[in-house]
Amino acid sequence: MLEAATSPHLRSMTIAASDAIPWPVVVHASINSSFVTVGDVLTAVHNALHTLITEHEYQLALPPNIIVGNCYRSGMRRLSLLNGRHWWAGLSKSQEGPEIWDLHLQ
C-alpha cells in the first residue's frame, strides 16, 4: 500500500470522469509521503464511491424521460450508480494529460 501508484512518481493525480464513474477523483500524496501511493489511490476512490450522491449526479445517472422524486435524499451513495460494476480492473493513462488516469471497472 506504500508503493508508488505511478512511475514516474506524482504528488497528485486525477482519475477522470468516464463511463466507469461520472465524476473526477483527485488523489493527493499522504502527508507523510512525497508521492501518491497505491493506498492513497484506493482510499480516494473508496471515499469518492461512498459519498452520498447529489441530486445532479442522480439525474445524470438516469435514462432520459424518467421523472423521479427525491430518491437521492434517501442516503444513496455513488457506489449505487455503478450498475453492478464493482470489480477493480485497473487504471490506465488518459489521453488528457500526464496526471490524468482512467479507472476501469467490471
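Only protein heavy atoms count here; on that basis, with a 1.4 Å probe, T6 has an accessible area of about 10 Å². Take every pair of alpha-carbon atoms less than 8 Å apart whose residues are at least six positions apart; their mean separation over the length of the chain yields a relative contact order of 28 percent. Residues whose amide H falls under 5 Å from that of W101, counting only those 5 or more places apart or on a different chain, are T14, I15, A16, S94, with hydrogens built in the peptide plane. The P(r) of segment 1-55 has a tail past 14 Å containing 53 percent of all C-alpha pairs. Of all beta bridges that DSSP places with both ends in the chain, some 85 percent have antiparallel geometry.
Taking the longest Cα principal axis of the chain as reference, the axis of helix 38-49 is set at about 10 degrees. E99 sits with roughly 90 Å² accessible to a 1.4 Å probe, with DNA, RNA and ligands left out of the calculation.
Computed with a 1.4 Å probe over protein heavy atoms only, the accessible surface of the chain comes to 65 Å² per residue.
The values are calculated or read from the model by the stated rules, or taken from the named source; none is laboratory data. Please read all numbers here as calculations on a predicted model, not as lab measurements. Side chains are part of the model used for accessible areas, which takes the heavy atoms of the whole protein and leaves out ligands, DNA and RNA. Shrake-Rupley method; radii C 1.70, N 1.55, O 1.52, S 1.80 Å.
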